[in-house]
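The values are calculated or read from the model by the stated rules, or taken from the named source; none is laboratory data. Only a predicted model underlies this, so the values are computations on that prediction, with no experimental measurement involved. Neighbour counts run over all protein chains shown; Cβ positions are idealised from the backbone, glycine included. Ligands, DNA and RNA are stripped out before the accessible areas are found, and what is left, the full protein with its side chains, is counted by its heavy atoms. Shrake-Rupley method; radii C 1.70, N 1.55, O 1.52, S 1.80 Å.
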Amino acid sequence: MKALRPSIKWVFAALGILLVLFILKIVLLLTAKPKITVDYLAEYNRTSRPQNYDPNENAAPYYQKAFDSFVDKPRELRRLYTNWPTDFNETDQKTLRHWVASNEQAFEHFREACRKPYYWLERKSEKYNSIAGITFSELNQFRELTRAMFWDAKVKAIQGQFQPAFENILTCYSAGRHKCQPNLLLTEQHNGLVLKKRP
């Protein structure tokens, strides 16, 4: 029995050391900062960039001009939920026609952008230079501008201007095609599909 006592002390000492090392490991794990060795944002920008990229063929500057010159929908039309201009009363129809006419410059830039073969933006991240921090601020502008173009198409169709109305619809489809490229993130592709399917 007396011979076992020193070995028990060693066992307890070893267990004590292991417990201290375990606690130290947990503390280090909780306080350590991850070391990211791959710049995923740069990798995404590289893979999303079109092959044989030419800045002159990029639609981005033209879309930006369209977004910058876009006039928001008047407040009195925002809460009205109708499908056709003829569903509005006469005053609201006049407001609608004036609004779409005031966006003709934005529509022209948008059409010019849609004639380009691709749309590419170098993405930036708001947190830790990661993909999760990418914001897609242009998607809302895309939605608003294409909605306005569809309203313009409907106004033109009612006035018997079928060719320009149809061209507006094709322009919006082309904008959706720009956002449906397989090398883009799902958020962008989803919005592109919505633009392509909107009647």
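Of the residues making up region 42-61, those that are open to solvent by less than 50 Å² (accessible area, probe 1.4 Å) and either closer than 17 Å to Gln105 by Cβ or not in a helix (DSSP H, G or I) (or both) number 3. Under the condition of being in contact (Cβ under 8 Å) with a residue 40 or more places away in the chain and open to solvent by less than 100 Å² (accessible area, probe 1.4 Å), which residue from region 15-41 is farthest from the chain's Cα centre (by Cα)? So the residue we want is Asp39. Across region 174-195, the number of residues qualifying as of a type in the set (D, E, K, R) and either touching a Cys at 6+ places or on another chain (Cβ under 6 Å) or free of Cβ contacts under 8 Å to residues at least 24 places away in the same chain (or both) comes to 1.
Checking each residue in region 150-197 for being touching a Lys or Arg at 6+ places or on another chain (Cβ under 7 Å) and under 29 Å from Arg46 (Cα atoms) picks out Thr171, Cys172, Tyr173, Gly176, Arg177, Cys180, Glu188, Gln189, Asn191, Gly192, Leu195, Lys196.
Restricted to region 130-139, and to residues that are exposed (fewer than 14 other Cβ atoms within 10 Å of the Cβ) and farther than 13 Å from Tyr63 by Cβ, which residue is modelled with the highest pLDDT? Result: Thr135. Within region 112-128, the set of residues being open to solvent by less than 80 Å² (accessible area, probe 1.4 Å) and at pLDDT below 80 comprises Ser125 only.
Within region 88-107, the set of residues being of a type outside the set (A, V, I, L, M), without any contact (Cβ under 8 Å) to a residue 40 or more places away in the chain, open to solvent by 40 Å² or more (accessible area, probe 1.4 Å) and in a helix (DSSP H, G or I) comprises Glu90, Thr91, Lys94, His98, Ser102, Glu104, Gln105.
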